[in-house]
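The values are calculated or read from the model by the stated rules, or taken from the named source; none is laboratory data. This is a predicted model, so every value here is computed, not measured. Positions of Cβ are generated from backbone atoms using ideal geometry, with glycine treated the same way; all protein chains shown enter the neighbour counts.
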Amino acid sequence: MNCHEAAPLISAFADGEIDRVQSRDIKTHLEGCPDCGKKHRDILDLRSRLRAEVPYFTAPPALRARIGDLPRTTPTRSADRVERGRWRWLLSGALAGCAATVLAWIVGTSVLTWRANEDFVAQAVQAHVRAALNNHLIEVASSDQHTVKPWLSARLDYSPPVPDLSRDGFTLTGARLEYLAGRSVATLVYRYRDHTIDVFVRPESSGAPPSAPRTVRGFNAAHATGSGMSWLAVSDLNPEALAGFVGRIARGPDQ
Ligand SMILES: [Zn+2]
């Protein structure tokens, strides 16, 4: 081994990180080479001076309290350490458990809300199909919103707006009541060309996200919120036109 080969290995040798064969070679070189031998002695010297001369600080009580559960510098009974370790694990386990519970609750309520929306859409489509098959789409036949609105208000615990969208080609033909998701729901019936559109109007339920437009059994369903109500339109009208219509009806006639 020459100086060039020894140079990168000297500090590793000082740290005892060199394998036995290389150690023997470098040791032989260090003993025979004044320069490399001095580098090696300097490293050992620096290390021992660091150990001896650099002051060692213990944390003051205030800092210790702020950092929390540090091991003490004075040896403690191992039982005490085990006890404190156990509490630490219990605490972190409890916190992790809380986080998991909160996450499960958020996911759970989201899923329940989503399920409730999906169920309502499915029930609304079913009601639309049933009414059409039984020729029972209309209970109050009128194109006059001032006739339809009082008829609904008299039969419900809320008073749904009955927008007039005849300018856009959507003619109000009447209304009926449907019993969906455990309550009576105002159902406005509009016509657009040869399409019948049922609009299920409920008071806006707090925090329920609008369900995305979707197709159920070949019928399209589009949802919007506005005017304090939740509006679900169901029809065989194409999804884009239906979504546009339900958006306009939810915003109100003056928008
Ligand atoms: Zn050398």
- request: From 158, 190, 179, grab the single residue that is of a type in the set (Ser, Thr, Tyr) and closer than 17 Å to residue 117 by Cα.
  value: 179
- prompt: Do you know which residues across the stretch 20-65 are in a helix (DSSP H, G or I) and of a type in the set (A, V, I, L, M, F, W, C)?
  reply: 21, 26, 30, 36, 43, 44, 46, 50, 52, 62, 63, 65
Condition broken by residue 11, with the remaining ones in (1) within 15 Å of the ligand (Cβ to nearest atom); (2) hydroxyl-bearing (Ser, Thr, Tyr); (3) surrounded by fewer than 11 Cβ atoms within 10 Å (Cβ to Cβ) satisfied: (3)
- line: Screening 254, 198, 164 for residues that are of a type in the set (Asp, Glu) and at pLDDT 95 or above leaves only 198
message: Pairs please, first residue from the stretch 18-37 and more than 10 Å from the ligand (Cβ to nearest atom), second anywhere and assigned to a helix (DSSP H, G or I), Cβ atoms under 7 Å, 6+ apart in sequence or on different chains.
response: 18/9; 18/12; 18/26; 22/9; 23/13; 31/37
